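Visitor: Encoded as structure tokens, here's the structure I'll be asking about.
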Amino acid sequence: MIETGPCFLTPRLLQPDYPLFVFLPGMDGTGQLLRSQTTGLEAGFDVRCLAIPPTDLTSWEELTAQVVELIHQELRDLPGRAVYLCGESFGGCLAMKVALHSPHLFSRIILVNPASSFRRWPLMSWGGAITSRLPEPLYRLTSMGLLLWLANLDRVAPGDRQALWQAIQSVPQETSAWRLSLLNEFTISAAQLRQITQPVLLLASAADRLLPSVSEAQDLAEHLPDVQLVVLPDSGHACLLEAEINLYQIMQKWNFLQPALVATSQD
């Protein structure tokens, strides 16, 4: 278990000759839920997954600075490497913060069901306030119910369902309440979105039961200068765990890979 501070996990291989793919996870912060995508991504990327300690209660600003520093460390020996930044849900909000903080670091950005609409939904805001006050046994029970909202379980393999459940259970009550409070205070203006000039691939799940991901993606896309919006018609919020979703193939289909990367993946 990660205790000392945010770090990058390397799922399988170190591939320094490939572009760096940095994944920022959802609210669980484990960095373990890209598991069904890593084999495909490693066809063309050197993959890193952010892991945030389960007791971490840092602010957006601190977390953003820590992620930027981790990326700088990865680029120390290969400063010219292309970097793809990918954030899912909570990590989508963090990815926008990181991109605004250090835009020069990134070639392309992928946002997957970013949770940037959270504060506009009163029920979600109340949920964050209630979470901190629940008795521990009741918190665990509501966490179990959250599984049904997070994923379209019929599309998730049994092993990945178990991984999702373990990730949810790994977040202590205090940390869950804190990260919900971060989402509740997250804002990004149209002017800030216009500053994200890299190509952006925006994935939105039409069967998301947790957040209105399609309408939020449409709102974001109105202001992002260079964006492709892809709606996943049958997917739930945790779409990257679904067996039928292949992120690398989606990037290929929508011509989101840089030319040198396309040549590498075809060799």
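Visitor: How about segment 158-174: which of its residues are farther than 21 Å from LEU34 by Cα and either in contact with a helix residue (DSSP H, G or I) (Cβ under 7 Å, 6 or more places away or on another chain) or hydroxyl-bearing (Ser, Thr, Tyr) (or both)?
Guide: GLN173
Visitor: If a residue has to be part of a loop (DSSP other than H, G, I, E, B) and either among the small types (Gly, Ala, Ser) or surrounded by 18 or more Cβ atoms within 10 Å (Cβ to Cβ) (or both) to count, how many in segment 152-184 make the cut?
Guide: 4
Visitor: Among the strands (runs of 3 or more DSSP E) confined wholly to segment 20-107, which include 1 or more residues that are touching a Cys at 6+ places or on another chain (Cβ under 6 Å) and touching a residue at least 12 places away in the same chain (Cβ under 8 Å)?
Guide: Here the list reads 20-24, 46-51.
Visitor: Are there any pairs with C-beta distances below 9 angstrom linking a residue in segment 224-240 that is of a type in the set (Asp, Glu) to a residue that is in a loop (DSSP other than H, G, I, E, B), with the two at least 6 apart or on different chains, and if so which?
Guide: Pairs that qualify, where the first residue is of a type in the set (Asp, Glu) and the partner is in a loop (DSSP other than H, G, I, E, B), are ASP226/ILE196; ASP226/THR197; ASP226/GLN198; ASP226/PRO199; ASP234/ASN152; ASP234/ALA206; ASP234/ALA207; ASP234/GLU244.
Bear in mind these aren't lab numbers, they're just calculated from the coordinates by the rules spelled out. These numbers come from a predicted model, not from an experiment. All Cβ positions, even for glycine, are placed from backbone atoms using ideal geometry, and neighbour counts span all protein chains on display.
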